[in-house]
Amino acid sequence: MTSLADKDHRYLWHPFTQMKDWLADEPVIIESGEGAMLRDTKGREYIDANSSIWTNLHGHRHPAITQAIKDQLDRVAHSSFLGLSNAPAIQLAEKLVNIAPHGLTRVFYSDDGSTAMEVAIKMALQYWQNRQQPQRTNFVAFADAYHGDTLGAVSLGGIDLFHATFKPLLFDVVRVKDMAGLRRVVDGTLAAVVIEPLIQGAGGMKLWPRGLLKELRAFCSQNGALLIADEVMTGFGRTGRMFACEHEGVTPDLMAVAKGLTGGYLPLAATLTTEEIFGAFLGEYSEFKTFFHGHSYTGNQLGCAAAVANLRVFEEDQTLEKMRPMCEQLRAGLEALRTRPHVGDVRHLGMIGAVELFKDVSTKEPYPLTDRIGMKACAEMRQRGVLTRPIGNTIVLMPPYCITRPQLDRVLSVLAEAILVVVA
Ligand SMILES: Cc1ncc(COP(=O)(O)O)c(C=O)c1O
């Protein structure tokens with residue numbers, strides 16, 4: 001092994017990783033990237049088929065985003081957002097408000113998807129206190145939800161594998177499966193309902209029934225609860241529209257974005273909200289309606305400059321129109337796998353694709369997690385030059401929008417090969 005690999009093994013602890021397995025294997029160390037490709041220190045090339053964990057949109061080393069970061073670096077990298085402002089943060093806020101679902105008019109910055117969700121939770125709770133309804137403290141979240149790894153976000157999460165360990169530290173959440181469940185639990189203590197709109201990500205790329213989001217919006221409005229949309233994965237074109245909420249004409253009360261916000265270049269997140277919510281925090285200082293929350297890097301200039309450039313690429317390249325044929329290619333390629341042995345389900349939406357493997361398709365018997373069938377399939381894909389990660393027995397494809405037709409063909413054929421190998 002190279003000395004870099006040795007030092008990785010000696011000093012590092014990787015996220016969501018059983019380090020015993022990691023230490024038994026030689027790490028892939030990424031050195032450079034271009035477009036949809038990544039290259040490692042041994043010169044091997046890979047297609048980045050999960051967009052570097054769902055973040056990258058227009059490709060690696062995109063000239064416009066790279067240049068925007070360099071230009072900003074020549075001015076200043078970071079100055080505090082407490083008591084100060086900066087041009088990229090202001091420009092980005094205007095751009096976000098212009099593209100967000102109508103009615104979301106205020107932008108609060110943070111660092112990643114988890115912190116954007118923490119902001120949404122705390123804003124919702126304090127909103128009701130500021131509105132003299134302090135009894136509204138309960139949050140409803142859905143089964144299999146994933147909203148991040150900080151404790152508030154974990155409290156909302158519904159994936160036992162990730163979240164059960166931390167239960168002693170979490171606040172109580174009302175957990176429901178669907179709208180019927182929600183209707184049974186509603187009362188005047190409800191602060192907000194939290195949802196990953198249209199599709200649950202880390203819960204296994206599960207699509208909500210069409211119309212559910214719209215129904216949920218109406219339900220929240222009727223019952224005085226806030227609607228929090230977690231667009232961390234779905235935002236910025238991933239579902240084929242700029243935001244998933246657009247598919248059903250929904251404006252949430254709070255919306256969290258991160259991941260694709262900077263095109264996959266830098267950690268930056270935002271929680272968008274309405275004038276109604278913003279207004280509830282206005283008052284004399286002595287009323288203590290202030291939102292006492294923020295991070296050292298809130299409104300970071302480099303991140304905001306990258307995000308402004310990212311959104312400019314959407315406009316100038318007409319990304320949403322241009323990616324349509326790629327969405328169609330992904331859909332058709334995945335549908336062609338539906339009848340393959342052990343393929344139990346195929347799911348897709350925009351540039352999101354997933355194939356779920358079952359031990360027995362006829363009885364829907366899953367592979368035990370300990371078989372690590374998804375991980376094995378992704379290891380096979382890696383050997384063939386395609387990088388992605390599974391969710392349990394589900395293999396996820398979420399390529400950058402700049403992926404070319406031949407690259408996507410390659411990803412799909414490698415996936416088919418890998419499935420054949422691991423189910424054999
Ligand atoms: C829907 C959703 N919300 C929140 C998060 C957490 O984002 P981050 O990993 O940037 O903290 C994720 C991450 O996968 C996500 O998919």
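Filter the range 109-148 for residues that are under 16 Å from residue 172 (Cα atoms) and charged (D, E, K, R); which is farthest from the ligand (Cβ to nearest atom)?
Taking the candidates together, the pick is 136.
Can you find a residue that is in contact (Cβ under 8 Å) with a residue 60 or more places away in the chain and either touching an Asp or Glu at 6+ places or on another chain (Cβ under 8 Å) or crowded, with 22+ Cβ neighbours inside 10 Å (or both) anywhere in the range 359-377?
No, that holds for no residue.
Kindly indicate whether residue 324 is at pLDDT 95 or above, under 18 Å from the mean Cα position of the chain (by Cα), more than 14 Å from the ligand (Cβ to nearest atom) and among the basic types (Lys, Arg).
no
State whether the residues of the range 327-344 include one that is crowded, with 23+ Cβ neighbours inside 10 Å, outside the structural domain of residue 98 (by TED's automatic domain parsing) and touching a Pro at 6+ places or on another chain (Cβ under 8 Å).
yes
If I filter the range 121-135 for residues that are closer than 22 Å to residue 204 by Cβ, surrounded by 24 or more Cβ atoms within 10 Å (Cβ to Cβ) and among the aliphatic types (A, V, I, L, M), do I get at least one hit?
The answer is no, given that none of the residues of the range 121-135 is closer than 22 Å to residue 204 by Cβ, surrounded by 24 or more Cβ atoms within 10 Å (Cβ to Cβ) and among the aliphatic types (A, V, I, L, M).
Can you name the residue in the range 47-73 that is assigned to a helix (DSSP H, G or I) and hydroxyl-bearing (Ser, Thr, Tyr) and is also farthest from residue 375 (Cα to Cα) among such residues?
Going through the range 47-73, the residues assigned to a helix (DSSP H, G or I) turn out to be 51-54, 63-73.
From what's left, hydroxyl-bearing (Ser, Thr, Tyr): 51-52, 66.
Numbers: 51: 17, 52: 16, 66: 33 Å.
My answer is 66.
Just checking, how many residues over the range 153-201 are over 20 Å from residue 214 (Cα atoms) and among the hydrophobic types (A, V, I, L, M, F, W, C)?
13
Could you run through the range 268-288 and say how many residues are touching a residue at least 60 places away in the same chain (Cβ under 8 Å), assigned to a loop (DSSP other than H, G, I, E, B) and of a type outside the set (A, V, I, L, M, F, W, C)?
2
Looking at the range 81-112 only, could you name the residues that are in contact with a Ser or Thr (Cβ under 8 Å, 6 or more places away or on another chain) and exposed (fewer than 14 other Cβ atoms within 10 Å of the Cβ)?
Result: 82, 102.
Could you check the range 330-424 for strands (runs of 3 or more DSSP E) lying wholly inside it with 3 or more residues that are more than 19 Å from residue 57 (Cα to Cα)? Show your work before the answer.
Working: elements: 343-349, 352-360, 394-397.
Qualifying strands (runs of 3 or more DSSP E): 343-349, 352-360.
Out of curiosity, is residue 312 touching a Lys or Arg at 6+ places or on another chain (Cβ under 9 Å) and of a type in the set (D, E, K, R)?
yes
Take the conditions more than 25 Å from residue 37 (Cα to Cα) and of a type in the set (Lys, Arg) and apply them to residue 376. Does it pass?
Judged against the criteria, residue 376 is not a match.
From 216, 190, 207, which residue is within 19 Å of residue 158 (Cβ to Cβ) and under 20 Å from the mean Cα position of the chain (by Cα)?
Checking each option against the conditions leaves just 207.
What do you reckon, is residue 280 within 16 Å of the ligand (Cβ to nearest atom) and either at negative phi or surrounded by 24 or more Cβ atoms within 10 Å (Cβ to Cβ) (or both)?
Answer is no for this residue.
The values are calculated or read from the model by the stated rules, or taken from the named source; none is laboratory data. The structure presented is a predicted model; accordingly, all values stated were derived computationally and were not measured. In this analysis, Cβ positions are derived from the backbone assuming ideal geometry, glycine residues included, and neighbour counts consider all displayed protein chains.
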